[in-house]
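A short write-up of the structure that comes next.
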Amino acid sequence: MPNTKQRRFVATAVAVALGATTLAACGGSDDSEAQSGPAQLTYWTWTPGMDKVVDLWNKGPGKEQEITVTVKKQASGDTLVTKILTAHKAGKGPDLVQAEYQALPTLVSNDAVADISGDAEGAKGKFAEGVWQQTTLGTDAVYAIPQDIGPMMFYYREDLFEKYGLTVPTTWDEFAETARALKRKAPDVDLTTFSANDSGLFAGLAQQAGARWWTTEGDTWKVGIDDAASQKVADFWGGLVKEGAIDNQPMYTPAWNKALNTGRQIAWVSAVWAPGTLTTAAPDTKGKWRMAPLPQWSKGDDVTGSWGGSSTAVTTDSRHKAAAARFAAWLNTDRDALTALAKEGGIYPASTSAQLSDAFAEPPAFFSNQTDFYASAAGIAKTTAPSAWGPNVNVAYTAFKDAFGAAAKSRSDFGAALGRMQDDTVADLKKQGFEVAQ
């Protein structure tokens, strides 16, 4: 290891998938200043309507505790991560940040977010174990409070499945046969598409199959992006693309929207947030879709992957860490706060109790025909497999788009594309100075 910060990260940030809890936490935040006087906090977030949610805090618990929070709207994804790291290097980071789960290892390795375990007591029991592990990185430390999650599901046009005599697949083998059967009956119609623009989708599918992309052994990282589980997923989708059983075009394009809206594409592997996307992508199909659990690799299994989701973290630059941690816990566990987050931000909460709250008593308007939508979603969310993220997810995702984009376009070997993704990720870790197992 070239520096102690990276050594400390490897020693404490054991991969989430391992579920390790043997390492000691760094301790809770020491914030005597925040506890003895007023605190004014800044929160960087991209969630729509967050200012209205924060108003509930400022007028209620925050007013009583003399803790005021100001929302500063930001872009999401790598753009925000870069901004956070840049601000941290200058010692000018905000007090709180919204962080996607896969970004937390990067923020931890750069010492940008704080361990708030001493100020997050009682929060753990509000979340499913696999979700909570994503914010602890498998240690006794707590680097964030879970906010929203994206359990994966299978969406399909109920009317067109009936028209073409198709049965909702419960296994991936059945999924492949359904795609082929549809092609025989309607050559111009696709079951779905493989989108090389969406690394998060592939990561979630690999997660469901049991992939462990980043793990640690002592002070050494091991990258398993090309492990057997991921190869199985790559070969499966690559095979369907190569034989023409499914489309090979990216999602979120005008062409993709048109295919969904006109019934040229009749299913979508997505996550719990899909209804919002379908509302704008395929407005003419309202009330014609249904949601079902993700197909399984083996009949009788019950596991899903995750696509998306974020947390609320306290930065190491904050001068009021304890106050910030109290707000983060309130935001993601308080009944009124979670109801407002669902209404104003359209999020699906990580809190298990909130998933069955009054805010989710009615199905999404686009799925008014499926009254048990959110009850089913809550059950599926409990089956989410644990994730294993590392300090350079952004590099892996960029490599995915480049390698899989070329493979999908040419209908060539997805396994080779996965190997390139593995090689680029390992090379970047070594370049950063991390020790990497061969």
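The values are calculated or read from the model by the stated rules, or taken from the named source; none is laboratory data. Every value quoted in this text rests on a predicted model; they were computed, and no experiment measured them. Quick reminder, even Gly has a Cβ in these numbers, built from the backbone with ideal geometry, and neighbours come from all protein chains shown. Protein only, heavy atoms only, side chains kept; ligands, DNA and RNA dropped before computing areas. Shrake-Rupley method; radii C 1.70, N 1.55, O 1.52, S 1.80 Å.
Across region 248-262, what is the number of residues that are assigned to a loop (DSSP other than H, G, I, E, B) and buried (at least 19 other Cβ atoms within 10 Å of the Cβ)?
Summing the residues that are assigned to a loop (DSSP other than H, G, I, E, B) and buried (at least 19 other Cβ atoms within 10 Å of the Cβ) in region 248-262 gives 2.
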Item to check | Filter result (out of contact with any Ser or Thr (no Cβ under 8 Å at 6 or more places or on another chain) and either farther than 24 Å from Pro349 by Cα or of a type in the set (A, V, I, L, M) (or both)) within region 86-107 | outcome: Thr86, Ala87, Lys89, Ala90, Gly91, Lys92, Ala103, Leu107
Checklist outcome for this item: Residue pairs within 8 Å by beta carbon, gap of at least six or interchain, first lying in region 402-418 and hydroxyl-bearing (Ser, Thr, Tyr), second open to solvent by 60 Å² or more (accessible area, probe 1.4 Å), listed first then second, are Ser412/Lys242
Item to check | Search result, residues across region 288-302 that are open to solvent by 40 Å² or more (accessible area, probe 1.4 Å) and outside any strand (DSSP E or B) | outcome: Lys288, Trp297, Ser298, Lys299, Gly300, Asp301, Asp302
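This table checks each residue for (1) within 14 Å of Asp173 (Cα to Cα); (2) at pLDDT below 95; (3) in contact with a strand residue (DSSP E or B) (Cβ under 7 Å, 6 or more places away or on another chain); (4) not small (Gly, Ala, Ser).
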site: Trp221; (1), (2), (3), (4): no, yes, yes, yes
site: Ile225; (1), (2), (3), (4): no, no, no, yes
site: Ser230; (1), (2), (3), (4): no, no, no, no
site: Trp237; (1), (2), (3), (4): yes, no, no, yes
site: Val241; (1), (2), (3), (4): no, no, no, yes
site: Ala255; (1), (2), (3), (4): no, no, no, no
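Filter region 184-231 for residues that are of a type in the set (D, E, K, R) and under 19 Å from the mean Cα position of the chain (by Cα); which is farthest from Ile246 (Cα to Cα)?
Going through the qualifying residues, I end up with Arg212.
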Next on the checklist: I'm checking my understanding of the structure. Among residues of region 230-247 that are open to solvent by less than 20 Å² (accessible area, probe 1.4 Å) and touching a Phe, Trp or Tyr at 6+ places or on another chain (Cβ under 9 Å), which one is farthest from Phe414 (Cα to Cα)?
Outcome noted: Ile246
Checklist entry - If you go through region 384-434, how many residues are out of contact with any Lys or Arg (no Cβ under 9 Å at 6 or more places or on another chain), farther than 22 Å from Ser306 by Cβ and not hydrophobic (A, V, I, L, M, F, W, C)? => result 13
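Which count do you get for residues in region 307-324 that are aliphatic (A, V, I, L, M) and closer than 17 Å to Asn58 by Cβ?
Start the filter on region 307-324 by keeping residues that are aliphatic (A, V, I, L, M), which leaves 313-314, 322-324.
With closer than 17 Å to Asn58 by Cβ added as a condition, the list becomes 323-324.
Residues flagged as aliphatic (A, V, I, L, M) and closer than 17 Å to Asn58 by Cβ within region 307-324 amount to 2.
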Checklist entry - Does Arg326 satisfy being open to solvent by 30 Å² or more (accessible area, probe 1.4 Å) and either part of a helix (DSSP H, G or I) or out of contact with any strand residue (DSSP E or B) (no Cβ under 7 Å at 6 or more places or on another chain) (or both)? => result yes
Checklist entry - Got at least one residue in region 57-78 being in contact with a strand residue (DSSP E or B) (Cβ under 6 Å, 6 or more places away or on another chain) and without any contact (Cβ under 8 Å) to a residue 24 or more places away in the chain? => result yes
Checklist outcome for this item: If you go through Gly19, Gly77, Gly28, the only one that is at pLDDT 50 or above and of a type outside the set (Val, Ile, Thr) is Gly77
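Among the helices (runs of 4 or more DSSP H) contained in region 365-438, which hold 3 or more residues that are among the aromatic types (Phe, Trp, Tyr) and surrounded by 19 or more Cβ atoms within 10 Å (Cβ to Cβ)? Spell out the reasoning first.
Working: elements: 373-381, 393-410, 414-432.
Because the criterion is at least 3 residues that are among the aromatic types (Phe, Trp, Tyr) and surrounded by 19 or more Cβ atoms within 10 Å (Cβ to Cβ), the helices (runs of 4 or more DSSP H) in region 365-438 that meet it are 393-410.
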Checklist outcome for this item: Expected output for region 350-367 (first residue under 17 Å from Pro151 (Cα atoms), partner among the charged types (D, E, K, R) and crowded, with 22+ Cβ neighbours inside 10 Å, Cβ below 7 Å, 6+ apart or cross-chain) is Ala350/Asp148
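Give the residue, chosen from Ala329, Ala403, Ala378, Ala407, that is in contact with a Ser or Thr (Cβ under 8 Å, 6 or more places away or on another chain) and among the aliphatic types (A, V, I, L, M).
Values: Ala329 fails: in contact with a Ser or Thr (Cβ under 8 Å, 6 or more places away or on another chain); Ala403 fails: in contact with a Ser or Thr (Cβ under 8 Å, 6 or more places away or on another chain); Ala407 fails: in contact with a Ser or Thr (Cβ under 8 Å, 6 or more places away or on another chain).
After applying the criteria, what remains is Ala378.
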Checklist outcome for this item: Of the conditions (1) of a type outside the set (Gly, Ala, Ser); (2) closer than 30 Å to Lys286 by Cβ; (3) touching a Cys at 6+ places or on another chain (Cβ under 7 Å), the single one that Phe154 does not satisfy is (3)
Checklist entry - Somewhere in region 86-93, is a residue under 26 Å from the mean Cα position of the chain (by Cα), touching a residue at least 24 places away in the same chain (Cβ under 8 Å), surrounded by 15 or more Cβ atoms within 10 Å (Cβ to Cβ) and in a helix (DSSP H, G or I)? => result yes
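Being on the phi > 0 side of the Ramachandran plot, touching a Phe, Trp or Tyr at 6+ places or on another chain (Cβ under 9 Å) and surrounded by fewer than 21 Cβ atoms within 10 Å (Cβ to Cβ) narrows it down to one of Gly218, Gly122, Gly165, Gly210, so name that one. It would help to see each step written out before you state the result.
Numbers: Gly218 fails: touching a Phe, Trp or Tyr at 6+ places or on another chain (Cβ under 9 Å); Gly122 fails: touching a Phe, Trp or Tyr at 6+ places or on another chain (Cβ under 9 Å); Gly165 fails: touching a Phe, Trp or Tyr at 6+ places or on another chain (Cβ under 9 Å).
Result of the check over Gly218, Gly122, Gly165, Gly210: Gly210.
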Item to check | All positions within region 195-209 that are in a loop (DSSP other than H, G, I, E, B) and at pLDDT 95 or above | outcome: Ala209
Next on the checklist: open to solvent by less than 40 Å² (accessible area, probe 1.4 Å) and in contact with a Ser or Thr (Cβ under 7 Å, 6 or more places away or on another chain): is that true of Thr339 in this structure?
Outcome noted: no
